[in-house]
Amino acid sequence: MSKLLRFASVGVANAMAYALATRLYADVFAVSAAVASGLGYATAVPMAFFGHRNLTFEAKGALSPQLVRFLGNHLFGFVLAVAIPWLTTDLLAWPIWLGMGATILAVPVVSYLVMDKWVFTRP
């Protein structure tokens, strides 16, 4: 299986975890779309790290530096995961699923490139 297909498989599983967690936070705790999305994103990060490290990139390097780089990469993803729903739902009054969908599409493009070229590179 190609790296891009493995990335997509881990990404789909992670997107489902993000979407379920986001809906849980929005529906059960009645927080705004931006807060729910940020919490949903943070909830899915550990699954994303180990999935991409072990399946997508089959990384063999030291765990700690990869984790630090991964978290740095995902800090930008976290900003997008909060900003996109805030813009689409809170400012434009679109349904929450549009903001979630835009987040699910926008974050992986940048994330893949950074992980491939920096996070999980072999020394």
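The values are calculated or read from the model by the stated rules, or taken from the named source; none is laboratory data. Just so it is clear, the structure is predicted and the values come from calculations on it, not from any experiment. Backbone-built Cβ (ideal geometry, glycine too); neighbour counts: all protein chains shown. All accessible areas refer to the heavy atoms of the entire protein, side chains included, with ligands and DNA or RNA removed. Shrake-Rupley method; radii C 1.70, N 1.55, O 1.52, S 1.80 Å.
Odds and ends about this structure:
- The residues of the range 21-123 expose on average 54 square angstrom of accessible surface per residue, using a 1.4 Å probe on protein heavy atoms.
- Kirkwood Rh (inverse of mean 1/r, distinct Cα pairs), the range 67-107, angstrom: 10.4
- The 3J(HN,Hα) values that the Karplus relation (6.51, -1.76, 1.60; θ = phi - 60°) gives for the range 23-31 are, in residue order, 4, 4, 5, 5, 7, 7, 9, 6, 8 Hz. Gly and Pro appear as x.
- The chain, dipole about Cα centre (Lys/Arg Cβ +1, Asp/Glu Cβ -1), debye to the nearest 20: 500
- Spacing of the two label points (7 Å from each Cα toward its C-beta) at Ser64 and Leu113, in nm: 3.1
- Start at zero, step by 5 Å, and the Cα-Cα distances of the range 25-123 spread as 2, 14, 23, 21, 15, 11, 8, 4, 1, 0 percent across the bins.
- Computed in the context of the full set of protein chains, the accessible area of the chain at 1.4 Å probe radius has 76% of its extent on carbon or sulfur.
- For the chain, calculated [θ]222 nm from helices alone, where every DSSP H run of n ≥ 4 adds -39500 (n - 2.57): -24500 deg cm²/dmol
- Farthest toward positive dipole pole in the chain [+1 Lys/Arg, -1 Asp/Glu at C-beta], among Ala59, Val45, Val109: Ala59
- Of the chymotrypsin sites (Phe, Trp or Tyr not before Pro) in the range 4-69, the ones in a loop by DSSP (not H, G, I, E or B) with at most 15 other beta carbons within 10 Å are Phe29.
- Length gained when the stretch Leu91-Ser32 is fully extended (0.36 nm per residue, less Cα-Cα span): 20.1 nm
- Stokes-Einstein diffusion for the range 1-77, with the hydrodynamic radius set to the Kirkwood value over Cα pairs and evaluated at 20 °C in a medium of 1.002 mPa s, equals 162 µm²/s.
- Placing a label point 7 Å from the Cα of Leu4 along the Cα-to-Cβ direction, no residue of the range 65-82 has a backbone N closer than 14 Å.
- For the chain, built as a Gaussian network whose Cα springs stay under 10 Å, the top-fluctuating residue of Val79, Val68, Val28: Val28
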